[in-house]
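S.K.: The structure follows.
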Amino acid sequence: MVLLAVAPLLTGSSPARAAGVPTCTSAQLVVHVGRPSGTAGTIYYPLILTNHRGTCVLWGVPAIQPIASPSGRAVGPPARNASIGQMPARHVLGRGASVAVAWGVSEVGNYPPARCHAARAWGVVISLRPFLAPRRVRLVNAVCTRQSSTTTRLVTPGVTGT
């Protein structure tokens, strides 16, 4: 019986496939920005992933990189993962269902200017491998270029990212 429990892992099958639900693909996900909220010097922007096709599953922490222009040139370090040590939940998305991540942007004035070196970001590139290939999203903001001033988290159900 132990071999049966381990076999899906050895063959490369994901837990989603074992349950009969295919993993989401980049082609079926649309990304947009939700309504921001803020607390204690940080503004959180929900980056919403909506499924526009058949039922699928995804999980994890998106990689988010501030960019200086639509060309995708990075400005500053990528967002730090604020979910370290947390287990990702598996999200089954029917057609029209959404998950979101709260991209946190600390006010650049919270940091000493020499350590921060603030710059304007045109937007972000978000990716959630293997489900979402890198996508550019317009989201003008100020970020630090010498230290990380942004965070990313596990995706959560709904459109708020919390």
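The values are calculated or read from the model by the stated rules, or taken from the named source; none is laboratory data. Bear in mind that the values here come from a model prediction, so they are computed numbers and not experimental data. As a convention, Cβ positions derive from the backbone with ideal geometry for all residues, glycine included, and neighbour counts pool all protein chains shown.
S.K.: Would you mind finding the one in A142, A121 that is touching a helix residue (DSSP H, G or I) at 6+ places or on another chain (Cβ under 8 Å) and within 14 Å of Y45 (Cβ to Cβ)? Walk me through it before giving the result.
M.R.: Details: A121 fails: touching a helix residue (DSSP H, G or I) at 6+ places or on another chain (Cβ under 8 Å).
Checking each option against the conditions leaves just A142.
S.K.: On to the next question. Which of the strands (runs of 3 or more DSSP E) found entirely inside region 19-58 contain at least 1 residues meeting this: in contact (Cβ under 8 Å) with a residue 40 or more places away in the chain and either acidic (D, E) or touching a Cys at 6+ places or on another chain (Cβ under 8 Å) (or both)?
M.R.: Answer list for region 19-58: 42-51, 56-58.
S.K.: Could you tell me which of the residues R129, R115, R136, R35 is in contact with a strand residue (DSSP E or B) (Cβ under 6 Å, 6 or more places away or on another chain), basic (K, R) and more than 13 Å from T151 (Cα to Cα)?
M.R.: R136
S.K.: If you take the residues in region 10-36 that are at pLDDT below 95 and polar (S, T, N, Q), which one is nearest to V159 (Cα to Cα)?
M.R.: Checking each candidate, the answer is S14.
S.K.: Another question, if that's okay. Of everything in region 108-162, what is of a type in the set (G, A, S), over 12 Å from the mean Cα position of the chain (by Cα) and more than 17 Å from A82 (Cα to Cα)? Give them in sequence order.
M.R.: G109, A114, A118, A119, A121, G123, A142, G158
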